[in-house]
1. Looking only at the stretch 116-150, filter to residues that are aliphatic (A, V, I, L, M) and more than 21 Å from residue 75 (Cα to Cα); which one of those is surrounded by the fewest Cβ atoms within 10 Å (Cβ to Cβ)?
2. Of the residues 61, 53, 66, only one is in contact with a Gly (Cβ under 6 Å, 6 or more places away or on another chain) and modelled with pLDDT under 95; which?
3. Would you check if residue 125 is assigned to a strand (DSSP E or B), touching a helix residue (DSSP H, G or I) at 6+ places or on another chain (Cβ under 7 Å) and among the aromatic types (Phe, Trp, Tyr)?
4. Let me confirm something: among 157, 132, 166, which residue is on the phi < 0 side of the Ramachandran plot, in contact with a strand residue (DSSP E or B) (Cβ under 7 Å, 6 or more places away or on another chain), at pLDDT 95 or above and β-branched (Val, Ile, Thr)?
5. Residue under question is residue 97, and the condition is that it be touching a helix residue (DSSP H, G or I) at 6+ places or on another chain (Cβ under 9 Å), assigned to a loop (DSSP other than H, G, I, E, B), surrounded by fewer than 18 Cβ atoms within 10 Å (Cβ to Cβ) and free of Cβ contacts under 8 Å to residues at least 40 places away in the same chain; does it hold?
6. Considering only the stretch 237-257, how many residues are in contact (Cβ under 8 Å) with a residue 24 or more places away in the chain and either touching a Lys or Arg at 6+ places or on another chain (Cβ under 9 Å) or crowded, with 19+ Cβ neighbours inside 10 Å (or both)?
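The values are calculated or read from the model by the stated rules, or taken from the named source; none is laboratory data. A quick note: this is a predicted structure, and the numbers were derived from the prediction, not measured. So basically every Cβ, Gly included, is an ideal-geometry build from the backbone, and we count neighbours across all protein chains shown.
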Amino acid sequence: MKWKGRRESSNVQDRRGMRSSKGMVGGGIGTIILFLVIALLGGDPTSLINNSSFIDSGAPSQYVESKEESELADFASVVLAETETVWSDLFEQENLEYQYPTLVLYTDSVQSACGSATSAVGPFYCPGDNSVYIDLSFYDELKQNFKAPGDFAFAYVIAHEVGHHVQNQLGISEQVMALRNKMSEAEFNTYMVRLELQADYFAGVWAHYVERANLLERGDFQEALNAASAVGDDKIQSEAWGYVVPDKFTHGTSEQRMRWFNKGFESGNIKDGDTFNTSDL
């Protein structure tokens with residue numbers, strides 16, 4: 001992605017090197033488990049929303065940023081800025097006002113309005129404070145563990161999390177989470193899959209406009225598809241357990257995630273991303 005020299009977002013909060021408290025905001029071990037299940041790359045832990053205000057219990061430590069990490073932080077800030085531009089324009093077309101999310105950079109563990117989490121949960125969006133949380137070490141994890149290298153693979157991850165923010169702004173997440181206590185876990189998981197695939201679609205919509213701005217480089221689109229494929233439920237379950245349990249899917253298969261990202265990329269609009277009223281996921 002051609003990003004150097006582009007505008008960086010002012011909505012980045014750098015908490016790297018901060019030590020967060022081990023407690024949960026309005027939760028306990030069960031909440032941690034929900035985080036792990038829901039937030040595994042792209043999760044939307046909306047079920048953890050509470051009215052607690054954020055309390056930064058961390059204290060700065062002697063944190064030394066490498067040159068590579070500094071560049072990655074700059075890249076993430078530019079990607080966030082590009083999402084701000086795209087979604088502001090698209091919301092304006094719908095006579096809506098887009099409220100910018102905050103990107104929180106952290107190391108190891110972090111406290112959010114949705115509770116505390118470690119970098120093991122992967123990047124996540126917290127609707128309680130309208131923030132995307134990411135440990136930049138996930139870039140290396142994408143490359144080494146998920147075999148999905150490249151800067152645009154990382155950009156896809158950020159754009160997917162921002163997609164959850166878009167859903168939150170449009171009231172979609174709230175409608176889905178309202179169903180949580182009205183059905184079985186397996187039934188609710190089907191709605192979570194649709195929520196996640198829509199976030200993939202919105203990431204593709206963003207990429208559509210990045211291409212129109214002539215910012216994509218050769219191989220970028222494939223990098224995003226590789227990342228989407230790498231985090232499919234079927235692939236993750238198969239590699240972790242040796243078998244697949246569709247009733248436990250919360251994000252969609254590799255094929256579905258790639259397909260909905262591609263749909264957003266081809267369409268470039270919000271309305272074609274209704275994953276909740278289609279029988280063809």
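1. Among them, the one singled out is 120.
2. Numbers: 53 fails: in contact with a Gly (Cβ under 6 Å, 6 or more places away or on another chain); 66 fails: in contact with a Gly (Cβ under 6 Å, 6 or more places away or on another chain).
Sole residue among the options that is in contact with a Gly (Cβ under 6 Å, 6 or more places away or on another chain) and modelled with pLDDT under 95: 61.
3. Judged against the criteria, residue 125 is a match.
4. 132
5. Yes: the conditions hold for residue 97.
6. 7
So that you can scan it fast, the table gives a plain yes or no per residue for (1) at pLDDT below 95; (2) under 17 Å from the mean Cα position of the chain (by Cα); (3) closer than 21 Å to residue 163 by Cα; (4) not hydrophobic (A, V, I, L, M, F, W, C):
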position: 226; (1), (2), (3), (4): no, yes, yes, yes
position: 231; (1), (2), (3), (4): no, yes, yes, no
position: 240; (1), (2), (3), (4): yes, no, no, no
position: 258; (1), (2), (3), (4): no, yes, yes, no
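Every residue, every condition in (1) of a type in the set (Phe, Trp, Tyr); (2) in contact with a Lys or Arg (Cβ under 9 Å, 6 or more places away or on another chain); (3) under 13 Å from residue 152 (Cβ atoms), yes or no:
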site: 200; (1), (2), (3): no, yes, no
site: 214; (1), (2), (3): no, yes, no
site: 221; (1), (2), (3): yes, no, yes
site: 224; (1), (2), (3): no, no, yes
site: 229; (1), (2), (3): no, yes, no
site: 232; (1), (2), (3): no, yes, no
site: 235; (1), (2), (3): no, no, no
site: 263; (1), (2), (3): no, no, no
site: 278; (1), (2), (3): no, yes, no
